[in-house]
Amino acid sequence: MSFMPYVPPEQLIKDRSDYARKGISRGKSVVALEYADGILLLAENPSATLHKISEIYDRIAFAGVGKYSEFEDLRISGVRLADLRGYSYGREDVKAKDIANGYSQALSGIFTQQMKPYEVELLVSEVGDEPAGNEIYHVLFDGSVTDEQGFVAIGGRSDELMEALRGSYAEGADLPTAVHTAVDALSSVEETSVVAEQLEAGVLERSRPTRRKFRRLSDQEVLEILPAKS
């Protein structure tokens, strides 16, 4: 008969939290900023195929940090949930809040019921018809959800990035200014110049004349923006 040592619940929760945070801290951060025409998501990512930033639905984008296989699995689940809701009700009924709540329930169950928690943090963003309608939800590894306004950073050195963004973020800025703000914050925290070719950037652009508002910024677009304020 095997003997299972007793572990106080608070110690178990602390150990799982420490484990998840340690895994997340090894990855590069993602920054999300509201700008005049939508929401910018930007990350340092040398891979051209393993994306941290992706589209979920017409007006909704996803960003993840931590263990790639885990947040990619969650991204796919979010796409399926959005498609099912859009098919069952209507495309206008698919909301970032519902996707974020779905992620929250899934991550909370994994955190409390499985031996190993997911080593991920997520952002779910939705662009509104007006700036006041923008929504950004930050979902933690334990299922906690926060509603962010203006800007948010997740991942490795998110606390330092948030401090940098507080000092430089300007509400209602244009896209080039938003890109510069995000890149400058990343550079100051990493204490090194961020290489444009290793940036992954996507926007939810409300003025885009299609139903789908998400688009990726190409390397050329980023290269054209970054020297603009030099």
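Just so you know, all these numbers are worked out from the coordinates, no wet-lab data involved. The structure displayed is predicted, hence computed values, not measured ones. With ideal geometry, Cβ positions are generated from the backbone for all residues, glycine too; neighbour counts draw on all protein chains shown.
Please compute the contact order of the chain in relative form: average sequence separation of alpha-carbon pairs under 8 Å and at least six residues apart, divided by the residue count, as a percent.
Details: 429 pairs, mean separation 62.7, N = 230.
That works out to 27 percent.
Fewest to most neighbouring Cβ within 10 Å: what's the order for Thr112, Thr49, Thr181, Thr210?
Final ranking by Cβ density, sparse to dense: Thr49, Thr210, Thr112, Thr181.
With just the Cα atoms of the chain, tell me how far they stretch along each of the three principal axes, in Å, largest first.
69, 48, 31
Assuming a ≥ b ≥ c are the square roots of the Cα gyration tensor eigenvalues, decide whether region 142-230 counts as rounded (a/c under 1.5), prolate (otherwise, with a/b larger than b/c) or oblate.
Since a/c reaches 1.5 but b/c is at least a/b, the shape of region 142-230 is classed as oblate.
How do Asp174, Asp73 line up, fewest other C-beta atoms within 10 Å first? Present the calculation step by step, with values, prior to reporting the outcome.
Working: Asp174 11, Asp73 15.
Ordered by Cβ neighbours within 10 Å, fewest first: Asp174, Asp73.
Return the inverse of the average 1/r over all pairs of distinct C-alpha atoms in region 1-107, which is the Kirkwood hydrodynamic radius, in Å to one decimal.
Answer for region 1-107: a Kirkwood hydrodynamic radius of 16.3 Å.
How big is D for region 173-215, in µm² s⁻¹ as a whole number, if Stokes-Einstein is applied with the Kirkwood radius of its Cα pairs at 20 °C and 1.002 mPa s? Walk me through the numbers on the way to the answer.
Working: Rh = 11.9 Å.
In µm²/s, the coefficient is 180.
Ignoring everything except DSSP H segments at least 4 long, calculate the 222 nm mean residue ellipticity for the chain; use -39,500 (n - 2.57) per segment, divide by total residues, nearest 500. Working shown, then result.
Numbers: 6 runs with 88 residues, N = 230.
When only DSSP H runs of four or more count, the value is -12500 deg cm²/dmol.
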